[in-house]
Amino acid sequence: MKNNDHTNEIFKARIIGAFMLLVFIAFGFGQYFFESENTSEKYIGALLIILNSILVLFIGILLKKTLQLYSILIGSIYLIARTIEAIALASIVLNLIPSINSSSDYLYCISMLILGLGSIPMCLGLYKYRISPSWLALWGVIGYTLFAFGFLMELFGKQWSMYLLIFGGLWETTFAFWLIIKKGTYN
């Protein structure tokens with residue numbers, strides 16, 4: 001299923017890159033406002049968290065289109081992981097409903113664990129099919145492995161995620177800028 005020419009392209013690369021950067025902004029500000037005591041700020045935060053989830057879902061859909069050209073399984077795993085992440089993050093806004101007792105920290109950890117686990121095969125696919133530079137793909141594998149491990153330990157009460165998420169977070173921003181600048185084309 002691999003392209004016969006020596007150029008591998010990530011479809012809609014600039015859009016994916018922009019969305020990957022926007023999710024940091026949407027969720028970061030969304031979480032900040034959502035934790036406010038001010039009701040209107042809480043609703044603004046909820047809207048930003050929902051926007052984040054929509055962007056996450058579109059990243060999964062758009063990247064799946066490229067990944068499925070090389071491996072339907074990898075494309076499907078990535079889309080499923082991003083869909084679960086989007087739903088779990090959007091579920092955080094259920095804390096606005098007084099009768100629902102959900103833990104936003106738990107939902108966040110679950111969503112980040114799923115993101116990490118689902119992104120490892122994607123990065124392996126980027127490496128195997130030479131969709132991105134090897135160094136970038138391998139960094140993604142290592143970064144997301146550490147990222148997922150940190151959030152797994154968080155679920156067991158170990159506060160490691162803040163130390164280990166930096167590797168995956170830096171990879172995502174680097175990959176996003178690579179997509180925007182290089183237009184997702186790699187020879």
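The values are calculated or read from the model by the stated rules, or taken from the named source; none is laboratory data. None of these values were measured; they are calculated from a predicted model. When we count neighbours, we look across all protein chains shown, and the Cβ atoms used for this are built from the backbone with ideal geometry, even at glycine.
Of these, Y108, Y127, Y163, which one is surrounded by 14 or more Cβ atoms within 10 Å (Cβ to Cβ) and modelled with pLDDT under 95?
One residue alone meets the criteria, Y108.
So, P98, is that one over 11 Å from the mean Cα position of the chain (by Cα) and either modelled with pLDDT of 90 or more or in a helix (DSSP H, G or I) (or both) or not?
no
Any residue that is closer than 24 Å to T145 by Cβ, modelled with pLDDT under 95 and surrounded by fewer than 17 Cβ atoms within 10 Å (Cβ to Cβ) - is there at least one of those in the stretch 33-51?
The answer is no, given that none of the residues of the stretch 33-51 is closer than 24 Å to T145 by Cβ, modelled with pLDDT under 95 and surrounded by fewer than 17 Cβ atoms within 10 Å (Cβ to Cβ).
For the condition more than 18 Å from L165 (Cβ to Cβ), touching a strand residue (DSSP E or B) at 6+ places or on another chain (Cβ under 6 Å) and not small (G, A, S), what is the one hit in I74, I131, I50?
Criteria check complete, one pass: I131.
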